[in-house]
Amino acid sequence: MKICRVEKPLVATNRIPGLEHKYMQVVRDGSTLAVAVDPVGAKPGDWVICVGSSAAREAAGSKEYPSDLTIVGIIDHWEEEQA
Amino acid sequence: MKICRVEKPLVATNRIPGLEHKYMQVVRDGSTLAVAVDPVGAKPGDWVICVGSSAAREAAGSKEYPSDLTIVGIIDHWEEEQA
Amino acid sequence: MKICRVEKPLVATNRIPGLEHKYMQVVRDGSTLAVAVDPVGAKPGDWVICVGSSAAREAAGSKEYPSDLTIVGIIDHWEEEQA
Amino acid sequence: MKICRVEKPLVATNRIPGLEHKYMQVVRDGSTLAVAVDPVGAKPGDWVICVGSSAAREAAGSKEYPSDLTIVGIIDHWEEEQA
Amino acid sequence: MKICRVEKPLVATNRIPGLEHKYMQVVRDGSTLAVAVDPVGAKPGDWVICVGSSAAREAAGSKEYPSDLTIVGIIDHWEEEQA
């Protein structure tokens, strides 16, 4: 799993039906931005654990859900310089 | 998921039957070009969300479809310098 | 999917039975060489679309086939400087 | 599989239920930090083998478990300069 | 699939049961070291084809086996400067 920081929510009105209305966040993984499905309710600035691969699907709610990056937990204590 | 920008359609007449006639787009992910299946009808210049891994398959229509990158949504507002 | 250029066929006599006798090509992905299963009959110099992840398996013929990179199409028109 | 070094345990109280209470470790893969599920009881400083992809799930206990990186073994002898 | 060179066997006595007693090799992929399950009996110095993703599992013997990198063949002729 990756250690990422939440930047802000992402809005995409025109989307495939399979994404449903789940919440998506822009997250920063080092110098790269990515989009993660957020079932835990993270806030901008939170350090989070993101899971990828096929595990991102069940983590987002079902094994059919089309996610390749899902927030699975908010880290209790993390300092920016560690990442 | 990755944040990519659509460059242009891609034509590949000689292809495996499993690809069917689905629309494919050349997308830019930072400095890298990739090819994504496009079920949402994106246009060149659009900023899109692309899903990879096994999730790209169901996002393209079925769990047997041979895609590893599929456009799942068009981002409503995105500035180039953010990516 | 990645945009790669076919370099040459690859011969590996000592191989696991699961690979069967399918044709394998050395392909160039930017500055990196990789090996792809080739069900479309590409020639050295061809620009091709390669699919990875679990999709590479069905693209190579069956969902049990042990490929993680399979050529799924030959691009009709592509200029080297685009890649 | 990757060769990583264990840094320290990671605490994330707010997490998805699917993660259960399994132990998670921060591991270093070269210059990158990642989070791995630890079913073997590694200690900080141990050199470990980490498996990714869908194999990380069964390695963590079941094919539904949402892990994309799991420690599968502690290496008997490894020198830091080798990694 | 990746083109790697075998470095040496890897010993990890404390391992999850799912790894069984299969042989593991340290392989070099460019400047990176990784660990691959070896069902073909490669020797140090051999240039080999390594498969990743979910295909690494069946290549290692069964679809439950927790490998994300498995040697699937020994390349007949390969010059170091090609990689």
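Quick note: the coordinates plus some simple rules give every number you see, no bench work behind them. All values derive from a computational prediction rather than experimental measurement. For neighbour counting, all protein chains shown are included, and Cβ atoms are generated from backbone atoms with ideal geometry for every residue, glycine included.
Residue E:18 label point (Cα plus 7 Å toward Cβ) to equivalent points in the other copies: 1.5, 1.5, 2.4, 2.4 nm, shortest first. For residue A:77, place a label point 7 Å out from Cα along the Cα→Cβ vector, do the same in each other copy, and report the separations in nm, one decimal, smallest first. Those label-point separations list as 3.8, 3.8, 6.2, 6.2 nm.
Extension gain, residue A:76 to residue A:21: 0.36 nm times the residue separation minus the Cα-Cα distance gives 17.1 nm.
If the chain linking residue C:32 and residue C:64 were pulled fully straight, counting 0.36 nm for each residue of separation and taking away their Cα-Cα distance, it would gain 8.9 nm. Per-peptide packing, taken as the mean over residues of other Cβ atoms within 10 Å, places E:34-43, D:7-16 in the sequence E:34-43, D:7-16 from highest down. Tally the DSSP beta bridges in segment D:1-70 and give the antiparallel ones as a percent, rounded to 5. So the antiparallel bridges amount to about 95 percent of the total.
Phi angles of segment E:24-29 translate, via the Karplus equation with coefficients 6.51, -1.76, 1.60 and θ = phi - 60°, into HN-Hα couplings of 10, 10, 7, 10, 9, 10 Hz per residue; Gly and Pro are given as x. For the protein assembly as shown, the alpha-carbon coordinates run over 54, 54, 32 Å along the three principal axes, in decreasing order. Position residue E:62: other-copy label points at 1.9, 1.9, 3.0, 3.0 nm, ordered by increasing distance, label point 7 Å along Cα→C-beta. Peptide D:6-18 shows a mean partner chain C-beta count of 5 within 10 Å per residue C-beta.
Measuring from each Cβ of chain C to the axis carrying C onto D, the nearest residue and its distance in whole Å come out as C:54, 4. Adding -39500 (n - 2.57) for every DSSP H run of four residues or longer, then dividing by how many residues the protein assembly as shown holds, sets the calculated 222 nm ellipticity at -1000 deg cm²/dmol. Neighbouring Cβ atoms from other chains, within 10 Å of the Cβ of residues in C:34-45, number 2 on average.
Output the direction-averaged projected area (hull surface divided by four) of the convex hull of the alpha-carbon atoms of segment D:27-83, in nm². Mind showing how you got there, number by number?
Details: hull surface 15.9 nm².
Directional mean of the projected Cα hull area for segment D:27-83 stands at 4.0 nm².
Each residue of segment E:41-58 was assigned a 3J(HN,Hα) from its phi angle through the Karplus expression (A = 6.51, B = -1.76, C = 1.60, θ = phi - 60°), giving x, 6, 10, x, x, 5, 8, 10, 9, 10, 9, x, 6, 5, 5, 5, 6, 5 Hz with x at Gly and Pro.
Report the chymotrypsin sites (Phe, Trp or Tyr not before Pro) located in segment C:1-79 that are in a DSSP loop and have at most 14 other Cβ atoms inside 10 Å of their Cβ, or state none. Let's see the in-between values first.
Values: sites: C:23, C:47, C:78; in loops: C:23, C:78.
Answer by residue number: C:23.
Across segment E:2-82, how many lysine pairs, 8 or more positions apart or on different chains, have C-alpha atoms separated by under 18 Å? Please give the number.
Going through segment E:2-82 pair by pair, I get 5.
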